[in-house]
Every structure is written in structure tokens, then in C-alpha cells.
Amino acid sequence: MISSVISLSSPRILFATSIHPPRYRYQNRYEESLRESGRRLPLHEVHRWWSRRFSAIYRFILASYLYDDEKLVRASIEKPELMREYSRGKVFFEPFAGGGTGLVEAALAGWDVYGIDINPIAVQVARASLMLVHNALYEKFEEHAVRVLDEAFKAVERLWVYNGSMVTVYVLISRGRMPTWISTITRKGKRLPLAMCPKCYEIFVPEHYKPGDIVICSRCGAEFSLTIKPVIPVPSSFPEISRGWRAFALELRDLETGYK
């Protein structure tokens, strides 16, 4: 069942998540995680999570620790509260808690939870999430959170706002050649290619483009095909970002409208 359970002070403490359950459970976890990925995105508006685990994975681990029955495991992934009868008095400890996905899932399943993280923002997010589980957000929590975020935004506003809109800038670099199809933008709900002319290096959006069409440069009139393969030599006049790497384009993305 569980190969790395460490008893800190009691055999009831689940410390690690290295498990070797029956093969059917791996498939079950995979299916549930795939389904979850389409409806649950990381909260990037508050913090840029580089890794955020699926709820289904934690539910799978917790359920596998409590019982061996496949039907109970599947049922607990759908309804974690079913584990409460078996998890009463047990402790879930996560030494790298992050935003608290594991802590929240364990709390929903009835475990007593404890977590540690070095990132103070992650700690606050996890703490607020656990408060929501217990319906115990302290008075004026939202007001306090908004004030902190507003103050933080004012400190970095010049890095994020351009012409009144929040934006992110991506620097496209290469150490040899560049593609003629450098990115894709969205206009009025349509996905359109962003092209670079191999002759004059003009960057533009082709009109009425269909896959396989020959593109005509809006500046010099050169004809070429769009490809994501590196086919255009990078001129030595382009700015060198790092040794051997030169920037050939900037992508400005509007965070509010999704326009690139």
C-alpha cells in the first residue's frame, strides 16, 4: 500500500506520498486528472504557480491510504467527504505546502492538516483556502486582501501597464535562424498567424490567410510561405540578449482582453 509512512509521534500520521497501489488505481487517477484539467486553473492572478497539483491526485492518495476497495477509492475521488468516517483523528502534514491544494483536499476529507512553506504569499493563500473550507474567514478579510493587492500593484504598475491596459511582454530570441510564423494572435475570436518577412523583416498579420497559402509581405511585396521552422538568418544587427542569442521580436499580450 504505502511505502513511505513515517511515524512522527503516532502511527496515524501520514507524512509522505510515495505509494504503490494496484495498477487499476493509476489509470483511475490519470482519468480523473485529465477530466479536472479542463475546469480548474491555477490562480495566476494572485501568484504565478509553477506547479499546482490536481485535486484528484490528492484524493487518490488519501483514499488509497484509508482503504483498498476500488469502488471506495473511485467514490472518494468524486466525494471526498466519504473519507471522513475513516480519517477521523488522523493527521496530514505537508512540509512543502505551496498554495495548499493538498491541505485543502485533506481537510475536506476530514484529516487534521498542518503545512509549512517558505513563501509567505503561498502561506496566505493556503490559509485563506482552509478558512473557506471551515467557513471561518475573519472579518474584513476581503477588504484587507484587496488593499494589499492594490498596494502591491501600485509598486509594479509601470512594469505591467501600457496605454492603460495590463500587458505582458515576451522577448523572442534565436541563436541561428528565425521562423516566418513567429506567433499566433487572437482578433475578434479568430486565431491568426503573425508573420515575419524573410526579406525586409516586417512583422504583420496576413489578410485572409489559409494553411498552405503563399503570404505577400505588406511592406516590400515579397512572397513566402509560413512555417514554424527556423529558415531566416538572424541579422548581426539584432540586439544580443546573451552570448550567441539575439532578439528578433517582442510579443505584447493584453491580459484583460486576451489579445496578443
Notebook entry, point to check: Of the conditions (1) farther than 24 Å from Ile57 by Cα; (2) among the charged types (D, E, K, R); (3) surrounded by 15 or more Cβ atoms within 10 Å (Cβ to Cβ), Lys90 fails just one. Which one is it?
Noted result: (1)
Margin query: Checking the condition within 21 Å of Ala247 (Cα to Cα) and either under 29 Å from the mean Cα position of the chain (by Cα) or not assigned by TED's automatic domain parsing to the domain that holds Ala249 (or both), which residue from Tyr170, Tyr201 passes?
Written below: Tyr170
Next item on the list: Consider Gly98 carefully, then state whether it is on the phi > 0 side of the Ramachandran plot and modelled with pLDDT of 90 or more.
Entry: no
Checklist line | strands (runs of 3 or more DSSP E) completely within region 199-260 that count 2 or more residues being over 24 Å from Thr168 (Cβ atoms) and touching a strand residue (DSSP E or B) at 6+ places or on another chain (Cβ under 8 Å) | finding: 214-216, 223-225
Margin query: Just to be sure I understand, how many residues within region 138-149 are surrounded by fewer than 10 Cβ atoms within 10 Å (Cβ to Cβ) and among the acidic types (Asp, Glu)?
Written below: 2
Notebook entry, point to check: Within region 148-162, can one find any residue that is touching a strand residue (DSSP E or B) at 6+ places or on another chain (Cβ under 6 Å), under 30 Å from Ile121 (Cα atoms) and modelled with pLDDT under 90?
Noted result: yes
Next item on the list: Considering every residue within region 152-160, establish whether at least one is basic (Lys, Arg), surrounded by fewer than 13 Cβ atoms within 10 Å (Cβ to Cβ) and touching a residue at least 40 places away in the same chain (Cβ under 8 Å).
Entry: no
Next item on the list: Count, please, the residues in region 87-142 that happen to be basic (Lys, Arg) and not assigned by TED's automatic domain parsing to the domain that holds Ser55.
Entry: 1
Note to self: Out of the residues in region 173-198 meeting the condition of being of a type in the set (Lys, Arg) and surrounded by 12 or more Cβ atoms within 10 Å (Cβ to Cβ), tell me which one is farthest from Arg243 (Cα to Cα).
What the structure shows: Arg177
Margin query: Of everything in region 111-120, what is touching a residue at least 12 places away in the same chain (Cβ under 8 Å) and loosely packed, with under 14 Cβ neighbours inside 10 Å? Give them in sequence order.
Written below: Ile116
Notebook entry, point to check: Out of region 98-110, which residues are surrounded by fewer than 24 Cβ atoms within 10 Å (Cβ to Cβ) and in a loop (DSSP other than H, G, I, E, B)?
Noted result: Gly98, Gly110
Margin query: Quick check on my filter: what residues within region 114-161 are in contact with a helix residue (DSSP H, G or I) (Cβ under 8 Å, 6 or more places away or on another chain), small (Gly, Ala, Ser) and not in a strand (DSSP E or B)?
Written below: Ala126, Ala128, Ser129, Ala145
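The values are calculated or read from the model by the stated rules, or taken from the named source; none is laboratory data. A quick note: this is a predicted structure, and the numbers were derived from the prediction, not measured. Counting neighbours? That spans all protein chains shown, and the Cβs are built from the backbone with ideal geometry, glycine included.
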